[in-house]
Every structure is written in structure tokens, then in C-alpha cells.
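Every number in this text was worked out from the coordinates using simple rules, so none of it is lab data. Quick caveat: nothing in here was measured; it's all calculated off a predicted structure. So basically every Cβ, Gly included, is an ideal-geometry build from the backbone, and we count neighbours across all protein chains shown.
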Amino acid sequence: MLFKTLLILLLAMLNWVALAAEPGMLLGAFSQSRLAGWEQKSFKGQTLYSLQTIDGVGALQADSRAAGSGLFKEQRIDLQQTQFLNWSWRVGQPLRGLNEQSKAGDDYAARVYVVIKGGLAFWNTKAINYVWAGNTAKDTVWPNAFAGDHAMMLALRGSEAAVNVWFHEKRNVRADLQKLFGEDIRYIDAVALMTDTDNSGGQALAYYGDIWFSRD
């Protein structure tokens, strides 16, 4: 029994070491209770974002009830220098049974996305949404129901993902942009996160760990 308890504690410690790993370019220092530079954008109502302590470590909690608002941080990132986006997330209350490729079902318990601005030609704005899907298989890719192929959706987690468990993600953003848009894009202009339930009128609860870019 003692061995099992020690093993559980060790695994938990290793998990949180991964969450708070030293970043190359730190954008979201949620484990340090910092939200500097993050701004909220509302589409309908307000998802409640708050810094909380969970299992003894700081994280960003997102509680959405028939609402859709996100947090974004404008930061120009040179993908030639730091091409990997790293973060951790967990879902406490998932969304189930939605047709996520329809406008009525375009809601996600958690999503992290990168944005490439189109400048004055705003219609050239592009985005990749890395989503925690509730009714779409892992690794599925599809165009956003509202923005079409200007915003591509990529399900990193699907309905098979366990709830109340941290998952660490690491994506080669430059490679993903090349694959999804057919372009070698060197710079991105912003990173955002969102837990939204405004289209379906549902409820979702999620947590986000630190977000950073790294060279490898």
C-alpha cells in the first residue's frame, strides 16, 4: 500500500514538472498566477476564466455555460526559431453528442489556436484550432463551420480522452500550417484559447496549464 501511494505521488510530481517545464518563449504563465498580456474577446456572453490551484499547482480554469468568449495574446512568433507549441490541458465537464462540423455544434470544451493575421486584407487571416472534441475522432481535420478553410480544426483529443486527467501537447506549428494550408508560413501573430458553449447552449469546464513555444 505504501509503495502504491509513493508511486502515485511520484507520477503526479512528474506530471506537474512537465506542466511547468522551462519554456523557450513563455506566453501563458498560469502556474505562476499570471495573466499579463492576455485579453478577452466575447462572441456571446462570457466564459468565466480564473486562475485556480488544482492538485497544488496553478492553472487557468474555464467555466462556460451557454457562452462563448476566449482569451488571446498578441505575440509575433518566428517559427524558424521556435516552431513547437507546448501546453497542457484537462477537461472536467466535456461536451458530447454535437455535430462539430455544423454551426450549431461548433463548441469545444477546450481549444488552443494560433492566428496569422491578414493585415488590411483581413479575409486572408488564417488560424489552426487545436481542439478537445466531444464527438469527433482524434486526428480528424475539417474547416470551421463559420470561417471555412480560413480556420482549420484539428482534433487532438476526442471522446475517448479521459476526463479530469492532464494531457500534454506538443505541435510543430510550422509543419501543421504547411500541411493544412499548403504554405510555408514563418510567422504567427497571436495565440488564443477558448472554452465555448454558445452555439449548443451547453456547459463545459476545462483547465489550461502553461503555454510556450520551444525550438525542439
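Miscellaneous remarks
- Each peptide among 40-47, 77-84, 197-204 gets the average number of other Cβ atoms lying within 10 Å of its residues, and from highest to lowest they stand as 197-204, 77-84, 40-47.
- Mean separation of Cα contacts under 8 Å (6+ apart) over length of the chain, as relative contact order %: 34 percent
- Relative to the globular-protein estimate of 2.2 N^0.38 Å, the Cα radius of gyration of region 70-216 stands at 0.99.
- The calculated 222 nm mean residue ellipticity attributable to helices in the chain amounts to -4000 deg cm²/dmol, summing -39500 (n - 2.57) over DSSP H runs of n ≥ 4 and dividing by all residues.
- Isotropic mean projected area of the C-alpha convex hull, region 150-216 (nm²): 6.3 nm²
- Sparse-neighbourhood loop sites, GluC sites (Glu not before Pro) in region 92-169 - DSSP loop, at most 10 other Cβ within 10 angstrom: 160
- Within region 2-214, DSSP assigns beta bridges of which about 90% are antiparallel (rounded to the nearest 5).
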